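What follows is a short report on a single structure.
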Amino acid sequence: MCNWSESIIKRERIDAIGRMIRANITREQILSMRYTEAEYEKAESALYANA
């Protein structure tokens, strides 16, 4: 897989986590969906940076 598509997939995963956080899905629920702690932190930081 090329770097471009990998970065798109990573961005989409972060965006999906952000949508889940805004929908009040708990951290534990999100992490149980095979998202990583690092992805969660990045999504959370992005949300608060844009607030």
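Bear in mind that the values in this text are calculations on the coordinates, not laboratory data. The structure displayed is predicted, hence computed values, not measured ones. Using ideal geometry, Cβ is built from the backbone for each residue, glycine included, and neighbour counts are taken over all protein chains shown.
Which of the residues that make up the stretch 36-51 are surrounded by 15 or more Cβ atoms within 10 Å (Cβ to Cβ) and of a type in the set (S, T, Y)?
Y40, the sole residue that qualifies.
Looking only at the stretch 1-35, how many residues end up being assigned to a loop (DSSP other than H, G, I, E, B), surrounded by 12 or more Cβ atoms within 10 Å (Cβ to Cβ) and not aliphatic (A, V, I, L, M)?
Pass one, the stretch 1-35, residues assigned to a loop (DSSP other than H, G, I, E, B): 1-2, 23-26, 33-35.
From what's left, surrounded by 12 or more Cβ atoms within 10 Å (Cβ to Cβ): 25, 35.
Still in the running and not aliphatic (A, V, I, L, M): 35.
Matching residues across the stretch 1-35 total 1.
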